[in-house]
1. Counting just the residues of the range 219-245 that are touching a Ser or Thr at 6+ places or on another chain (Cβ under 9 Å) and outside any helix (DSSP H, G or I), which one comes out modelled with the lowest pLDDT?
2. Is it the case that THR459 is modelled with pLDDT of 80 or more and not in a loop (DSSP other than H, G, I, E, B)?
3. For VAL67, work out the one condition from (1) modelled with pLDDT of 85 or more; (2) farther than 24 Å from ARG264 by Cα; (3) of a type outside the set (Gly, Ala, Ser) it doesn't fulfil.
4. I'd like to check something: does the range 565-579 contain any residue that is touching a strand residue (DSSP E or B) at 6+ places or on another chain (Cβ under 7 Å), buried (at least 16 other Cβ atoms within 10 Å of the Cβ), in contact (Cβ under 8 Å) with a residue 40 or more places away in the chain and not in a loop (DSSP other than H, G, I, E, B)?
5. Please state which one of VAL479, VAL467 is assigned by the TED database to the domain that holds ALA626 and modelled with pLDDT of 85 or more.
6. Can you list residue pairs whose Cβ atoms sit under 8 Å apart, with the first residue in the range 550-564 being closer than 11 Å to ALA598 by Cα and the second being surrounded by fewer than 13 Cβ atoms within 10 Å (Cβ to Cβ)? Count only pairs 6 or more apart in sequence or on different chains.
7. Return the only residue of GLN116, GLN141 being in a helix (DSSP H, G or I) and in the same structural domain as ARG102 (by the TED database).
8. When the residues of the range 708-723 are narrowed to those that are buried (at least 21 other Cβ atoms within 10 Å of the Cβ) and farther than 23 Å from GLN672 by Cα, which ends up modelled with the highest pLDDT?
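The values are calculated or read from the model by the stated rules, or taken from the named source; none is laboratory data. All values reported here derive from a predicted model rather than from experimental measurement. Note: ideal-geometry Cβ built from the backbone for every residue, glycine included; neighbour counts use all protein chains shown.
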Amino acid sequence: MSQHTTVQPSAAEHAVADTGSLNLSQMHSHLLDDPQEWSSFGRPAGQSPKAPISENATESPVWDSFVVLEGMHCAACALTIEEALRAVPGVQAAEVSAATRRARVEWRPAQVLPSQWMEAVSRAGYRALPARDAFARELRQAETRRALWRWLVAGLCMMQVMMYAWPAYTARPGDLSLEMETLLRWASWVISLPVVLFCCGPFFKSALKDISQRRVSMDLPVAIGMLITFVISTLGTFDPSGPFGHEVFFDSLTMFVFFLLTGRWLELRLRDRTAGALEAVMNRLPDSVLRQQPDSGEFERVATRRLRVGDVVRVLTGEAFPADGRILRGTTHADEALLTGESTPVLRAQGDAVTAGSYNLDSVVDMRVDSVGEGTRFAQIVNLMESASLQKPTLAQLADKVARPFLVVVLLAALAAAIWWWPTDPGKAMMVAVAVLIVTCPCALSLATPVAMLTAAGTLARSGVLVRNLQGLEALAAVDTLVFDKTGTLTRDGLVLRALTPAEGQDTDELLALSALLARQSMHPASRALAQAAEVAELPASAWLLDSVQEVAGSGLDVWVQARSNTALRRHLRLGSAAHCGVPELAPHEPGQSVMLAEESKSGWLPLAQFHLSEDVRPEAAQVIADLRQEGVAVQLLSGDRSAAVQTVAAKLGIEQAQGDCQPQDKLAAMQAAQAAGHKVAMVGDGLNDGPVLAGAHVSFAFGRAVPLAQSRADFVVLGDSLELVLQSLLLARRTLSVVRQNLGWAAAYNAISIPLALVGWMPAWLAGLGMALSSLLVVANAARLARALPLQAVDSNASAPAHLAPRGTVMPLTQGGH
């Protein structure tokens, strides 16, 4: 693997070189008008993720595109962007999340292009960038660096201004001469200029756009407060004998600007750790990859979205596989935790399949691309996560509706406070108004619900549970009844050998080895269970060889075998039902399904062994159900399988309410009866066969390994293979709702206490700035507690497989097969 590699410039790089001084963001948005680029940040609306995107993308009447937004700080900003997008002809719908700063835009290519609706966002005072684009991440990193510089400048200036203000606070009357006091004021004014001109720039810019467009956002009252403080302090400095000359407030100005920037900086960092976990998962594909040129064999670096089926790609150690395909050269281990829920790295050698989004852990490998873009399972997962991250839970929708009227009330309250205090002291009147403008913050109220919900969704995604619907988290927290399907949910697909009843004088090891020899000739679940049991028991090969095999559909196998040591020695055997073998059962009263092994003799057919099979119940199921009961959740089992099999599983797991022979409409009726009795019901099924029931439940889970994710109707899709994920999702939902209530309670209490204090003049501007910063920061920090990984317990995935056989006797249980 020493082939030469070259780096091919991207279209954006060529454009930058050609345009010179052209605004980079405008250039980037116009590049996105190329239909070939649309799939990099969206997909045709309503198209199945498994369908390939048309070469002529404009053939699709409607597209869904996802963008990240810069410059927004609150729910009022989100509402403004939504209104700006919806006003563009050709944009059918727009959803904006203030917590993730992402948007989904539904638009018609025949009427509008991406650059046009992105320009509408720009005119509203914000910037839209493709959600899955490296350019967007670079600009956001630059914005973060600028925010850090503003914070550092504000902190340095605050300390200097406080040093100049300190003598005025501590000096006794007559200690400071007029000249010294004037000098200190002028020094404070000069040091405050960088704060006003540089650090306050984003607030003033946003406020000017608000005023020009006749709207209200969170930055407007803050900017007005900053401007009033600086203006009256400047007037006091230039005219000490005037109405505002009694006192200046440069120290308060620099201090509350520093506190505001501190709060926003920390909030930004916490968002990256909490709600940003979703974006980290969605952006795990590499932006570019090394693709082999067919003619020269050299590798060139190209954008991942330019890959096509059949391309040969080199994946470096630590990189994510960019597409679904197969290993051509090399051997490595892959981390497929996000895609399969399997936390243990899996070995991938030449010819093995690899999936997009999984990580190459060990060594450089070459792969051939079999599926790209929307045809990969990773794309299905990303589409689910993007849609969920933009949904607004009920509590968040209520907070968003309150945010803008609340800001109008804030402005009116500040004006009323200024009018009330003006006759007493104009300077104090203005500072009371400033305190009211700054201290009243709807940000905490707007962030309380979405930040907590998105943090929980990110935690679940990292643990192998995809959240399709954020409102499902609200509903899950209130669930008191959990309904399970059986097959594929409480049990694995297939059967397991539970016990063996040998005929007198027969050796159990030889019986199992002989039956496995026959069973490997059939794909029936019972045959697979016998073959797997022999493989796990590591038995030596049977002393017999197959001669001829005939399978009787629905009954069993009819086989002739010959001895390894003497081919003339032959036996006629049957494996299957007792009727097929023509023998009575050796243990007729044993529950569950059984398979007979019989041999033809001169006197007729004789039974050799009876194999007792049972469904492969998940090893963690009993503990999960016990834990659910301990949490106050009632458990029911509804299955379309035979009632006897359902009751056997229910008894094994301790489920009292179990019903078999259920059609989908029977399950739905039983669930609706529980709902009519006032219960909040969750359903756990297979995602497809249980579609009507999943849709009718208050909240639903589907095990998604074998389910096309786009077709699943569940609120939660479990990618892993552990029922414990259902329990942990329930516990996390309850914790999330508790955090949401704490956040809402804090936001309401903060405003209820701080506003009266500001109105009566007991809260200085610097304390108002500190309170505003802490209010939002506390909400985000509280939600960050939900980012801890789910405490899943280790479960032996082979717990149902037998390790050895019991001695000969009557009904011999398999020591590790007792499911």
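1. Restricting to residues being touching a Ser or Thr at 6+ places or on another chain (Cβ under 9 Å) and outside any helix (DSSP H, G or I), the top hit is GLY245.
2. Spelling it out, THR459 is indeed modelled with pLDDT of 80 or more and not in a loop (DSSP other than H, G, I, E, B).
3. (2)
4. Yes: one or more hits.
5. Only one candidate passes the filter, namely VAL479.
6. LEU557/GLN550; ASP558/GLN550; ASP558/VAL552; VAL559/SER548; VAL559/GLN550
7. GLN116
8. Applying the filter and picking the extreme gives LEU723.
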